[in-house]
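A.B. asks: Dropping the structure in here first, questions after.
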Amino acid sequence: MQAWEEKALERLAGKAEGKAEGKAEAVIELLEELGAVPETLQREIFAEKDLDRLKTWHKLAAKCSSVEEFCRKRQ
């Protein structure tokens, strides 16, 4: 693999990581509107790198009426 190809792959990986982090932040922001978000839950959300799962969680957080409900339904 050539150097430019490696840089392109690194750039794509960085973009994907940034998108996941941004989506995780959005999930937590929605949950904070419902109440205190346990640190363990925050860590779990930030550890998730699957964008589809984070999108699902984002939609779920917008529909839930409590952090507890989110925790039950996300499993």
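The values are calculated or read from the model by the stated rules, or taken from the named source; none is laboratory data. Since we're looking at a predicted model, the values are computed, not measured. Every residue, glycine as well, gets a Cβ built from its backbone with ideal geometry; the counts of neighbours run over all protein chains shown. Remember, those area values only see protein heavy atoms, side chains included, never the ligands or the DNA or RNA. Shrake-Rupley method; radii C 1.70, N 1.55, O 1.52, S 1.80 Å.
A.B. asks: In sequence order, what are the phi-derived ³J(HN,Hα) couplings for region 18-31 according to the Karplus relation 6.51 cos²θ - 1.76 cosθ + 1.60 with θ = phi - 60°, rounded to whole Hz, with x for glycine and proline?
C.D. replies: Per residue, the Karplus-derived 3J(HN,Hα) values read x, 5, 5, 5, x, 5, 4, 4, 5, 4, 5, 4, 5, 5 Hz.
A.B. asks: Give a residue-ordered list of calculated ³J(HN,Hα) values for region 36-42 (Karplus: 6.51 cos²θ - 1.76 cosθ + 1.60, θ = phi - 60°; whole Hz; x for Gly, Pro).
C.D. replies: Along region 36-42, the couplings run 5, 9, x, 4, 5, 5, 4 Hz.
A.B. asks: Which of the residue pairs Lys19/Lys49; Lys19/Lys55; Lys19/Lys59; Lys15/Lys73; Lys23/Lys73; Lys15/Lys63 have a Cα-Cα distance greater than 20 Å in the structure shown? Each step should come with its number before you reach the end.
C.D. replies: On the way: Lys19/Lys49 9 Å; Lys19/Lys55 11 Å; Lys19/Lys59 16 Å; Lys15/Lys73 29 Å; Lys23/Lys73 18 Å; Lys15/Lys63 28 Å.
With Cα atoms farther than 20 Å apart: Lys15/Lys73; Lys15/Lys63.
A.B. asks: Turning to a different aspect of this structure: For every other residue with a beta carbon closer than 13 angstrom to the beta carbon of Glu48, add +1 if it is Lys or Arg and -1 if Asp or Glu, then tell me the sum. Don't skip to the answer; put the middle values down first.
C.D. replies: Numbers: positive: Lys19, Lys23, Arg43, Lys49, Arg53, Lys55, Arg74; negative: Glu17, Glu21, Glu25, Glu44, Asp50, Asp52.
Spelling it out: positives minus negatives among the neighbours equals +1.
A.B. asks: Follow-up question, since we're still on this one. In what order, largest first, do Cys64, Cys71 sit by accessible area if the probe radius is 1.4 Å? Intermediate values should be presented prior to the final figure.
C.D. replies: Values: Cys64 10, Cys71 45 Å².
Order by accessible area, largest first: Cys71, Cys64.
A.B. asks: With every atom except the alpha carbons ignored, what do you get for Rg and Dmax of the chain, in angstroms?
C.D. replies: 15.1, 51
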